[in-house]
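Some notes on the structure that comes next.
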Amino acid sequence: MATGTPTPARRRSWRTLPVVRQVRQSIGLQRGMLVAGLVLTAVFVLAAVFAPLLAPYEFGQLRDGDGPFGAQQSPSADHLLGTTVGGYDVLSRVIWGTRTALFVIVVAVLLSIVAGVLLGLVSGYFGGWLDRVLVVVCDAVYAFPALLLAIVVAIVISGGQSSLVGGVLAAAISITVVFIPQYFRVVRAETVRIKSEAFVESARVIGASNWRIMVRHVLRNATRTLPLILTLNASEAILTLAGLGFLGFGIQPTAAAEWGYDLKQSLSDVTSGIWWTSIFPGVAIVLTVLGLTLVGESLNDLADPRLRSRRAVGAVPPPAGTVEPGGAVVATDEVVA
Amino acid sequence: MTTTTTELTESSPADGAPAPGARPRKRSGGGGLGSYLLIRFLLIFPTIFILVTTVFFLMRSTGDPITAALGGRLPADQLAERIREAGYDRPLIAQYLSYLGDVLRGDFGTTLSDRRPVTQVLTTFGAATFELAVYALIVAFVVGIPLGMAAAYFRDKAPDAVLRVFAILCYATPVFFAGLLLKLVFAVWLDWLPVAGRASTGAEIQLQTLDHPTNIYLVDALQTGDGEIISDVLKHAVLPAVALGLLTAGIFLRLVRTNVIGTLGAGYVEAARSRGVGESRLLRKHAYRPALIPIITVIGLQIAVLLGGAVLTETTFEWKGLGFQLAQYLTARDFVAVQGIVAMLAVIVAVTNFIVDVIAALIDPRVRY
């Protein structure tokens, strides 16, 4: 995105940062969705970071100076969102739950990116029987219900019972196994495309090693679409974590707050009309996933010229290129649809 | 290019264009469809083999299932006896080979907790899950496709914004939370629909006494010909079907919207318009129809989503299907049953994906390459 005026390099730099660039590029409804998504995601991350300050009680706290909280208390001044069937404060567990979710997202996404990108790169670059085997394996895993696979991995890792670190890692690794094929497919496809480009050929001619070509020439160009998968996978990670928690593979309530576990506990409350134990953790999941999905989908649409909303004809057209003081025409890096 | 490119051309939609150096694809004149179907059919076997193998080694890496289920509850010598009886003391590779042999004969093991063959669990509870999945797909079609068309038609206007947020909400909401909400509003507060189960007790007893129960309750209820039972069964199905169906409806909505936007911008729609084709005919015949073909392909992937979602939906609504049963076995730590059900679902997913691909190939010649 060329800035219209001759700006110092550092001022131009923040405007070309991945997300900032897309916000500037978007208009109208699309910008609204992207910004709403960014705000929701920011609230989620801030809640996770400042949970100890925001939450009125600890996630595993059952009593304070005045004695036990009591089970299934309806919302009141002491417990703004009421208490659960186990006697925990709902508000505190919703806020602390952001930490668990964020932790699982970060671990799961990092692990699956590293493994998926590496496998995709090697598989696409070298080809051969290894490539064939990996493609068939990843296709098989990809087509299988993610939750069932996550259940199997959770059994393996934690035997179905979980401490804090064990439970979080179990959830994160189960999710990783499910996500590796997605990164693998994308990176492999890009690698196959890029490795036949002229610049890779040139690098090979001047004697660059395979490793150097893979990292410097192929990987750098193959990671274009990763931010999109990343946001969408982060939201899937939360849903998988909650699903595992709902089936009883969650983290024990004394180890950490986890929304899926709380929803499982509230299942019987609903029948007797107790709504506050299920609504709030559920809404927390929905808002977090909504935020991440809005960001991911907006980025996706903006990257696809067919779906990008365009400024109406007659509105100020974006300059096709701007003249720098030196007289050279600088083309915009915006893809013209 | 110094390396020979060996492209695997089957089955990976994410693949980019093949490298220019790659061997040109064989163009088999009239046999295109036949050879495509054959390759696609043969691919079922490695898929099943990989999943069954993966699940087997994953589950065994934690130790034997008998210790997992009964460890601590039985004295050590009895435990060892049970382990030896079941053959879990043999080398892993021997266990694996005999397991593969069993699976090839269609034997997926016997559950530890209630001593039932896993295949019998499937035949008893599979029908309920199938029934739920069909209802959910109906909800997804009825909600997702028309709304997707509307969103594309009103692209970037207010209705589009509302529909897109609705679509995202559909898959941002975990199915079990959607289920809880529906239960709370329609079953508890409004008291319009039953809270849980597949039928009320009275109706269920009548359905069990049928001569040839299919265990698909709607079919069984129609057999009785009793209007009250039919409406009872349908009432029980509404909330679970909506909870599970909305998930897929959101995906359909988004897909239809994207595709209709694509076809509306296509050259042949422009050409038809310039020929004077009326607007409604234009939408129906030229924009909507080709946009629906990708739905068929997506259904293949949705089957996996539906099965995963069914486990959660059935637990929420005590819908006694395969997913509900799986959750029960999980709680009982009966990992033989879990492994058996998961392996069997792998077979089902692979086979249904094949069927969906065949249908897609028959409808859309471009799929066959």
Looking at B:Thr214, B:Thr209, which is the one that is under 24 Å from B:Leu306 (Cβ atoms) and hydroxyl-bearing (Ser, Thr, Tyr)? B:Thr214
Which residue is surrounded by the fewest Cβ atoms within 10 Å (Cβ to Cβ), if the candidates are limited to segment B:319-333 and must be more than 11 Å from chain A (Cβ to nearest Cβ) and not in a helix (DSSP H, G or I)? B:Lys320
Subset of segment A:152-165 [within 13 Å of chain B (Cβ to nearest Cβ), modelled with pLDDT under 75 and open to solvent by less than 30 Å² (accessible area, probe 1.4 Å)]: A:Ser158, A:Gly159, A:Gly160
Go through segment A:281-292 and report how many residues are buried (at least 24 other Cβ atoms within 10 Å of the Cβ) and either under 14 Å from the mean Cα position of the chain (by Cα) or of a type outside the set (Gly, Ala, Ser) (or both). 6
Any residue in segment A:183-207 that's farther than 13 Å from A:Val117 by Cβ: show its pairings with residues that are of a type in the set (A, V, I, L, M) and open to solvent by 40 Å² or more (accessible area, probe 1.4 Å) at Cβ separation under 7 Å, as long as the two are six or more apart or on different chains. A:Arg193/B:Ala17; A:Ser196/B:Met1
If you take the residues in segment B:65-90 that are touching a residue at least 12 places away in the same chain (Cβ under 8 Å) and within 12 Å of chain A (Cβ to nearest Cβ), which one is surrounded by the fewest Cβ atoms within 10 Å (Cβ to Cβ)? B:Thr67
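One residue is enough: does segment B:235-245 have a residue meeting the conditions of a type in the set (D, E, K, R), surrounded by fewer than 19 Cβ atoms within 10 Å (Cβ to Cβ) and either within 12 Å of chain A (Cβ to nearest Cβ) or in a helix (DSSP H, G or I) (or both)? Working first, answer last.
The first filter runs over segment B:235-245 and keeps only residues of a type in the set (D, E, K, R), leaving B:235.
Add one more test, that the residue is surrounded by fewer than 19 Cβ atoms within 10 Å (Cβ to Cβ), and what stays is B:235.
Next, only the ones that are either within 12 Å of chain A (Cβ to nearest Cβ) or in a helix (DSSP H, G or I) (or both) stay: B:235.
Looking through segment B:235-245, at least one residue is of a type in the set (D, E, K, R), surrounded by fewer than 19 Cβ atoms within 10 Å (Cβ to Cβ) and either within 12 Å of chain A (Cβ to nearest Cβ) or in a helix (DSSP H, G or I) (or both).
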Conditions (1) in contact with a helix residue (DSSP H, G or I) (Cβ under 9 Å, 6 or more places away or on another chain); (2) more than 10 Å from chain A (Cβ to nearest Cβ); (3) part of a helix (DSSP H, G or I); number of the one not met by B:Gln120: (1)
Does any residue in segment B:185-205 that is touching a residue at least 60 places away in the same chain (Cβ under 8 Å) and more than 11 Å from every other protein chain (Cβ to nearest Cβ) come within less than 6 Å, Cβ to Cβ, of a residue that is surrounded by 11 or more Cβ atoms within 10 Å (Cβ to Cβ) and among the charged types (D, E, K, R) six or more places away or on a different chain, and which pairs are these? B:Gly197/B:Glu318
Only listed residue being closer than 27 Å to A:Ala42 by Cα, open to solvent by less than 20 Å² (accessible area, probe 1.4 Å), in contact (Cβ under 8 Å) with a residue 40 or more places away in the chain and among the acidic types (Asp, Glu), chosen from A:Glu236, A:Glu258: A:Glu258
Of all residues in segment A:105-142 being in contact with a helix residue (DSSP H, G or I) (Cβ under 6 Å, 6 or more places away or on another chain) and among the small types (Gly, Ala, Ser), the one that is nearest to the other protein chains (Cβ to nearest Cβ): A:Ala140
Check A:Arg188, A:Arg99 and return the single one that is charged (D, E, K, R), over 30 Å from A:Val218 (Cβ atoms) and assigned to a helix (DSSP H, G or I). A:Arg99
Top-ranked residue in segment B:286-307 [being closer than 16 Å to B:Arg257 by Cβ and among the β-branched types (Val, Ile, Thr); ranked as nearest to the other protein chains (Cβ to nearest Cβ)]: B:Val298
When you check B:Ala272 against the structure, is it out of contact with any strand residue (DSSP E or B) (no Cβ under 7 Å at 6 or more places or on another chain) and either free of Cβ contacts under 8 Å to residues at least 12 places away in the same chain or within 14 Å of chain A (Cβ to nearest Cβ) (or both), yes or no? no
Those residues that are open to solvent by 30 Å² or more (accessible area, probe 1.4 Å) and more than 28 Å from A:Val283 (Cα to Cα), I need them from segment B:135-170; list them, please. B:Met149, B:Tyr153, B:Phe154, B:Arg155
What is the number of the single condition among (1) within 12 Å of chain B (Cβ to nearest Cβ); (2) open to solvent by 50 Å² or more (accessible area, probe 1.4 Å) that A:Pro181 does not meet? (2)
For segment A:201-239, which positions are at the interface with another protein chain (Cβ under 9 Å from one of its Cβ atoms) and of a type outside the set (D, E, K, R)? A:Ser235, A:Ile238, A:Leu239
Name the one entry in A:Ala146, A:Ala171 that is of a type in the set (A, V, I, L, M), under 26 Å from B:Phe177 (Cα atoms), under 24 Å from the mean Cα position of the chain (by Cα) and at pLDDT below 75. A:Ala171
Just checking, how many residues over segment B:180-227 are in contact with an Asp or Glu (Cβ under 9 Å, 6 or more places away or on another chain) and of a type in the set (Lys, Arg)? 1
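Identify all residues within segment A:230-248 that are more than 14 Å from A:Val104 (Cα to Cα) and hydrophobic (A, V, I, L, M, F, W, C); write none if there are none.
A:Leu232, A:Phe246, A:Leu247
The values are calculated or read from the model by the stated rules, or taken from the named source; none is laboratory data. What you see is a predicted model; the values in this text were computed from it and never measured. Positions of Cβ are generated from backbone atoms using ideal geometry, with glycine treated the same way; all protein chains shown enter the neighbour counts. In case anyone asks, the SASA skips ligands and DNA or RNA and just uses the protein heavy atoms, side chains included. Shrake-Rupley method; radii C 1.70, N 1.55, O 1.52, S 1.80 Å.
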